[in-house]
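Everything on this sheet refers to the single structure shown next.
Each reported figure results from applying straightforward, stated rules to the coordinates on display, with no laboratory input. Computed from a prediction, not measured in an experiment: that's the story for all the values here. Every residue, glycine as well, gets a Cβ built from its backbone with ideal geometry; the counts of neighbours run over all protein chains shown.
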Amino acid sequence: MSFSDFTRRRSSAPTTTAEPPFDNHLADMIVRSSDNVDFHVHRGVLAMASPIFHEFFISSHYPRAAEPPVEHMSEESGTIDSLLRLLYPVKSPVLGDVNAIVPVLEAARKYQMEELALMLRKKLVSPPFIEAEPLRIFALAIRLDLEREIATAAKYTLRQSWPPPYTVELKNIPASAFHRLLDFRERCSTRASLLGSDFRWMNNKVGIQSSWAWFKCGRCAKDDAYIVVENQQRYPRSWWRDYMRRAESALRENPCGNTLKTSTIMWPTLQSIADPNRMCGCATAQALDDFRAFVEIFATEVEELVSEIAEEFTFN
Ligand SMILES: [Zn+2]
């Protein structure tokens with residue numbers, strides 16, 4: 001593939017000069033955007049960032065003329081401006097939404113600017129974008145064939161209720177990819193909710209303490225299920241088991257760690273702990289700390305399970 005594959009056909013429309021610093025007439029070439037904005041740039045900078053430009057400059061024989069040569073690009077001026085601001089030692093562009101990131105990422109990949117593309121891929125799946133619009137980013141990642149970002153976005157869709165809000169980017173992906181996302185959700189839902197009823201994952205797990213209030217209490221109603229803690233069977237109290245039942249059902253809807261920390265799931269247990277009349281006297285501030293510590297371990301377990309499922313899953 002040669003550089004000319006990337007350039008657009010020349011047009012005779014009037015041109016304007018880019019904003020500073022890309023109006024510097026000491027530059028040795030001009031990059032003209034598809035909307036006819038001239039960016040005054042340095043071949044050395046572009047060649048260092050992109051092997052495509054590097055090869056092109058090696059094979060080009062520019063005449064020794066007073067005016068710098070002009071190369072016509074297929075990208076719009078906004079995209080070229082952001083791309084150049086990321087390459088030059090100037091203030092970074094504001095890429096405040098997904099619409100601003102995607103064209104720059106596409107250009108960075110096209111010109112094989114690996115480091116830049118990697119940085120933009122990370123930005124695409126960073127909060128707040130991924131938290132606000134996981135399905136949209138999933139669809140974009142499918143279209144751009146970004147394997148890691150597809151899996152990350154798929155995991156974030158689990159935090160939203162189903163069906164998620166419509167996003168126009170779904171028009172650009174095959175129905176099979178959406179079907180795979182449904183499959184993924186189903187698999188995560190089944191396996192994560194099981195953690196709320198089958199406690200074997202806790203057996204001798206680091207962090208699970210026999211000193212926790214629901215193991216230590218000898219008076220509140222006891223549950224049938226047991227957990228092996230430090231090689232001994234421990235029977236949790238039923239007030240703890242009530243939380244696990246709520247967790248099991250909530251994880252079926254939203255199989256992700258955050259589900260376990262929502263007020264709806266935690267509140268009845270916190271109420272019990274706050275009201276000594278409901279329990280034997282094991283309801284103490286320590287019980288609250290124990291419960292919080294447990295919820296963190298449980299949430300991490302769910303996240304690890306979901307990541308494991310995502311890793312072995314083929315989304316496209
Ligand atoms: Zn008790």
Note to self: Can you sort Leu105, Leu195 from fewest to most other Cβ atoms within 10 Å of each residue's own Cβ?
What the structure shows: Leu195, Leu105
Item checked: Relative contact order of the chain, defined on C-alpha pairs under 8 angstrom at six or more residues apart (%) -> 12 percent
Notebook entry, point to check: Roughly what angle does helix 263-274 make with the longest principal axis of the chain, taking Cα atoms, 0 to 90 degrees, to the nearest 10?
Noted result: 40 degrees
Notebook entry, point to check: If the limit is 19 Å between Cα atoms, which of Lys122/Lys171; Lys222/Lys261; Lys110/Lys155; Lys122/Lys155 go over it?
Noted result: Lys122/Lys171; Lys222/Lys261; Lys110/Lys155
Item checked: Cα-based shape type of segment 127-190, given that a ≥ b ≥ c are square roots of the gyration tensor eigenvalues and the cut on a/c is 1.5 -> rounded
Next item on the list: Please figure out what share of the DSSP beta bridges in segment 1-111 is antiparallel and state it in percent, rounded to the nearest 5.
Entry: 50 percent
Notebook entry, point to check: Which whole number in µm²/s is D for the chain by Stokes-Einstein, with the Kirkwood Rh taken over Cα pairs at 4 °C and 1.567 mPa s?
Noted result: 55 µm²/s
Notebook entry, point to check: How large, in Å, is segment 1-111 by the Kirkwood hydrodynamic radius built from its alpha-carbon pairs?
Noted result: 14.4 Å
Next item on the list: List the relative contact order of segment 194-311 as a percent without decimals, with contacts defined as Cα pairs under 8 Å and 6+ residues apart.
Entry: 25 percent
Notebook entry, point to check: In sequence order, what are the phi-derived ³J(HN,Hα) couplings for segment 300-307 according to the Karplus relation 6.51 cos²θ - 1.76 cosθ + 1.60 with θ = phi - 60°, rounded to whole Hz, with x for glycine and proline?
Noted result: 5, 4, 5, 4, 5, 4, 4, 5
Note to self: To test your reading of the geometry: what angle, between 0 and 90 degrees and rounded to tens, separates the Cα axis of helix 238-253 from the longest principal axis of the chain?
What the structure shows: 30 degrees
Checklist line | Distance from segment 166-205 to segment 249-316 (C-alpha centre basis), Å | finding: 18 Å
Notebook entry, point to check: Using the scaling law 2.2 N^0.38 Å as the reference, what is the normalised Cα Rg of segment 194-311?
Noted result: 1.02
Notebook entry, point to check: What number, rounded to the nearest 500 deg cm²/dmol, is the helix-based mean residue ellipticity at 222 nm of the chain, given -39500 (n - 2.57) per DSSP H run of at least four residues and division by all its residues?
Noted result: -15500 deg cm²/dmol
Check: What is the mean projected area of the alpha carbon convex hull for segment 90-170, to one decimal in square nanometres?
Finding: 5.4 nm²
Check: To the nearest 10 degrees, how steep is helix 77-87 against the longest Cα principal axis of the chain, on a 0 to 90 scale?
Finding: 70 degrees
